[in-house]
Amino acid sequence: MEPNVLLESLIDEAGMSRAGLAGHINRAGLARGLSLRYEHTAVSRWLKGQRPRGQVPDLICEVLAARLTRPVTLDDIGMGTSGGYGTETASHPASLSGFVDRATALWRSDEQQRPDLAAMPAVTGTPAVMPVWEWENPPEDTDVSRPGLGRVSMADIETLRSARDHYEQLYRKAGGIATRPRIVRFLNAEAAPLLRGGHSDALGRRLHRATAALVAVAGICAYDSDAHGLAQRYFHQALRLAKSSGDRALGGYVIALLTTQSLFLGEHRRSIAFAEAALRAAGDHITPALAADLHAMQAKAYAQLGDAAGARACIARAEAQAGRIHTGREPDETGYVQPGLVDVQVAEALLSLGDLDAAREHAASAVRAPAHDRGASTASRCSAISSCSRANRTEQPVRRPKWPSGHGGWSPSGCATGCARWGGSWRRAAAPTPPRRPISSAGRSACLCELRRAPRRSFRFAADPAGMLPPTCRKAAETCSGRT
């Protein structure tokens with residue numbers, strides 16, 4: 001069961017307590033000849049996702065409609081044919097206005113820090129794939145204009161764009177746990193009223209594009225907080241807004257985020273399918289940086305599945321696209337992709353395939369590549385060299401361990417991708433330090449040599465984001481970053 005954020009939002013809007021709602025439902029039932037004895041515990045179960053039997057859903061609509069002085073339907077309370085958030089299907093698609101209501105209800109519940117919301121698991125199967133399928137296929141949103149009392153202006157949209165840049169910077173400096181409540185508060189206070197306001201079709205598309213970029217950052221912050229179910233739902237929202245904005249490149253970027261999460265959760269086949277959908281549907285709108293990132297993630301997924309031919313084909317395509325990247329010509333969302341990041345991901349794929357010499361060559365190339373404010377930090381690239389050194393010492397393919405949830409969701413490969421994606425520290429609250437393996441003297445010397453040559457700005461956000469470097473290398477990283 002998923003939390004019923006729509007019902008919770010309406011109860012809050014009506015200013016009713018759970019016990020108060022239960023009492024009103026009991027009295028409304030008497031008028032229909034029903035003997036009901038609901039208490040606040042029953043309402044709590046409904047908010048957790050349970051659907052009451054018989055006429056009770058209709059009674060809930062009746063009570064809330066009388067309190068709000070407007071019609072309330074079963075869909076409005078999350079008990080209709082389309083159900084609650086995330087249960088829309090191809091046969092029961094949600095309208096754009098209905099989607100806005102569901103999205104803003106989720107933001108409101110997240111701002112209130114509902115424990116059930118953060119504990120939601122990531123959906124699998126059809127619910128996980130359907131948002132990508134709907135983004136890729138018709139129908140398109142032919143008109144996103146909306147009547148409303150408050151009119152949206154270009155100044156409002158510029159505010160959303162500036163906020164996105166601000167929260168991205170805050171995320172990279174402070175991490176997702178600290179940033180998430182702030183960006184969610186902004187979504188509720190600023191973005192939600194604008195989505196409900198009046199706007200033309202052209203202005204509405206710009207509004208949805210700016211909001212989608214903000215929601216994507218909120219999803220990354222939820223991912224950083226180990227709330228993978230919530231992060232997935234934010235990514236799905238960003239994808240729906242990207243579709244209504246008509247920006248195919250933005251939709252491809254959001255799918256890249258879903259691909260990263262699927263890789264982290266071990267859904268390798270789904271990662272390949274998502275990346276292929278983004279490459280196929282974005283078409284000519286996709287930038288070289290985003291294409292390189294998607295191909296590199298496909299290579300990692302193929303390598304984990306043991307498909308060496310598929311992995312090497314994707315590596316070749318990733319390297320070809322990386323050679324076409326022009327610094328400063330990428331959109332804000334995809335500026336994180338630099339040749340160094342592609343080399344890191346290719347090195348990880350080659351490590352999984354057991355090609356140690358090629359992996360070390362790509363890892364060394366990643367460290368030599370100039371760092372970018374939104375690219376991979378030199379320390380995270382150095383961790384790739386450390387992995388190659390360990391593999392060369394044992395002469396065995398490196399199988400990167402997947403830390404259990406008790407370790408805060410950390411994994412070496414997840415860190416290399418996550419830190420590179422945003423140039424920040426994918427921090428975990430009170431996460432135990434992952435176990436470290438010995439590193440050869442050659443690998444330690446290579447790390448120290450590269451760290452001393454690295455520019456200071458490379459360590460702007462995290463000297464050792466993965467916690468993987470040996471003490472000697474970590475000390476050098478902290479010295480270069482000015483921490484000691």
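The values are calculated or read from the model by the stated rules, or taken from the named source; none is laboratory data. Here the structure is a predicted model, which means the values were calculated and not measured. No Cβ is skipped: glycine too gets one built from the backbone with ideal geometry, and neighbour counts run over all protein chains shown. Heads up: the accessible areas ignore ligands, DNA and RNA and are worked out on the full protein's heavy atoms, side chains in. Shrake-Rupley method; radii C 1.70, N 1.55, O 1.52, S 1.80 Å.
Leaving out same-chain residues fewer than 8 places away, which aspartates and glutamates sit with a Cα under 12 Å from that of Lys173?
Excluding near neighbours in sequence, the set is Asp373.
Over all directions, what mean area does the Cα convex hull of segment 148-217 project, stated in square nanometres?
4.1
Distance between the C-alpha centers of segment 330-360 and segment 287-316? Whole Å please.
10
From the phi of every residue in segment 238-251, what ³J(HN,Hα) in whole Hz does the Karplus formula 6.51 cos²θ - 1.76 cosθ + 1.60 yield, where θ is phi - 60° and glycine or proline is x?
Per-residue couplings from phi come out as 4, 5, 5, 5, 5, 5, 5, 7, x, 9, 5, 5, 5, x Hz.
Please compute the volume of the convex hull spanned by the alpha-carbon atoms of segment 1-64 and report it per residue in Å³.
In segment 1-64, the Cα convex hull volume per residue is 70 Å³.
Roughly to the nearest percent, how much of the accessible area of segment 164-234 is carbon and sulfur, given a 1.4 Å probe?
Within segment 164-234, the accessible surface is 52 percent carbon and sulfur.
Once you treat every alpha carbon in segment 105-151 as an equal point and sum by Debye, what is log10 I(q)/I(0) at q = 0.23, 0.26, 0.28 Å⁻¹?
For segment 105-151, the Cα-only Debye profile gives -0.90, -0.92, -0.96.
Kirkwood hydrodynamic radius (Cα pairs, Å) of segment 187-319?
Working: mean 1/r = 0.0648 Å⁻¹.
Taking the inverse mean of 1/r over all distinct Cα pairs, segment 187-319 comes out at 15.4 Å.
What is the packing order of peptides 353-365, 193-205, 249-261, taking the mean over residues of other C-beta atoms within 10 Å and listing the highest first?
Result, highest mean first: 249-261, 353-365, 193-205.
Out of Ala212, Ala202, His228, whose Cα points farthest toward the positive end of the dipole of segment 181-236 (charges: +1 Lys, Arg; -1 Asp, Glu; placed on Cβ)?
Farthest along the dipole direction, towards plus: Ala202.
Sorted by mean Cβ packing within 10 Å, highest first, what order do the peptides 177-183, 299-305 take?
With the highest mean Cβ count within 10 Å placed first, the list reads 299-305, 177-183.
Give the distance, in whole Å, between the Cα centre of segment 31-65 and the Cα centre of segment 174-206.
Rounded to whole Å, the Cα centres lie 32 Å apart.
Kirkwood hydrodynamic radius, computed over distinct alpha-carbon pairs, for segment 246-371: how many Å, to one decimal?
14.2
Listed highest first by mean packing, meaning other Cβ atoms within 10 Å per residue, what order do 308-315, 98-105, 209-216 come in? Spell out each step's value before the answer.
Numbers: 308-315: 18.6, 98-105: 21.5, 209-216: 25.0.
Descending packing order for the listed peptides: 209-216, 98-105, 308-315.
Report, to one decimal in Å, the Kirkwood hydrodynamic radius for segment 227-276 based on all distinct Cα pairs.
10.9
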